[in-house]
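Just so you know, all these numbers are worked out from the coordinates, no wet-lab data involved. These numbers were taken from a predicted model, which means no experiment stands behind them. Because the Cβ atoms are built from the backbone with ideal geometry, glycine has one as well, and the counts that use them run over all protein chains shown.
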Amino acid sequence: MRRIPALLMAALLLLYLVFVAQYALRLLLDPQPIAKVMGAALLVLPVIGLWALVAELLFAFRAEGLAARLEREGRVPQDEVPLSPSGRPDREAADALFPKYQAEVEAAPDDWAAWFRLALAYDASGDRRRARWATRRAIRVSRAR
C-alpha cells in the first residue's frame, strides 16, 4: 500500500528531471557561451537526481523484501511498544528494548535478521539515521549469503 505513493513521487521526480534535462540541452544548443556553461551545469542535476532516485528505490525495495522475509520466517520481534496519543512509539519503552537487539547483533554479526531487528529498534527509538544504517547492513549481510 505504501508503494503507490512512493512510486507516484518517483514518477513525478523523474518527470521533473526530464524537463530539467530538456532545458539544459536547449541551453547547450544556444550560441551564447554563458548559456552553454549554464546548460552544462544544469545537466549535472538530472544525473545526480536520477542516481539518488534509483538508490533510494533500491534501498526501499530491498528493505521491504527483508521485512517480508523476516515475517515469513517468523522472526519478527514480538515486543510491543506502547504508543503515544499521536500514534508514535513511546521512546522510553523502545529505548528499554534496544539493548536486547544490540546484544543479538553482537552475538551473531552475520545474521541479517538480527541487524534488521536492530534497525527496527532504532526506528522505534526515533533514531532514523542509525535505523537506515542498520537496514543497509542487514541488506549487505543478506546479499552476502
GNM top mover of ALA124, ALA35, ALA94 - the chain, alpha-carbon springs below 10 Å: ALA35
Binning every alpha carbon pair distance of the chain at 10 Å from zero, what are the percents per bin? 11, 28, 25, 17, 12, 7, 1
Using θ = phi - 60° and Karplus 6.51 cos²θ - 1.76 cosθ + 1.60, couplings along the stretch 51-59 (whole Hz; Gly, Pro as x): 4, 5, 4, 5, 4, 5, 5, 4, 4
C-alpha long axis of helix 3-29 to longest principal axis of the chain, angle in °: 20
From Cα coordinates alone, what are the radius of gyration and Dmax values for the stretch 1-54 in angstrom? 13.8, 49
Choice from ALA103, ALA119, ALA40 showing the highest fluctuation, given a GNM over the chain with Cα pairs closer than 10 Å: ALA40
Label points 7 Å out from Cα along the Cβ direction at ALA6 and ARG91: separation in nm? 2.5
Measure nothing fancy, just the Cα-based angle from helix 128-144's long axis to the longest principal axis of the chain, in degrees from 0 to 90, nearest 10. 90
Positive end of the charge dipole of the chain (Lys, Arg +1 and Asp, Glu -1 on Cβ, about the Cα centre): tell me which of VAL76, GLY49, ALA96 has its Cα farthest that way. GLY49
Taking 7 Å along the Cα-to-C-beta vector as the label spot, tell me the GLN32-VAL47 distance in nanometres, rounded to one decimal. 2.4
Through the Karplus equation 6.51 cos²θ - 1.76 cosθ + 1.60, θ set to phi - 60°, convert the phi angles of the stretch 98-115 into ³J(HN,Hα) values in whole Hz; use x for Gly and Pro. 4, x, 4, 6, 5, 5, 4, 5, 5, 6, 9, x, 9, 9, 4, 5, 5, 5
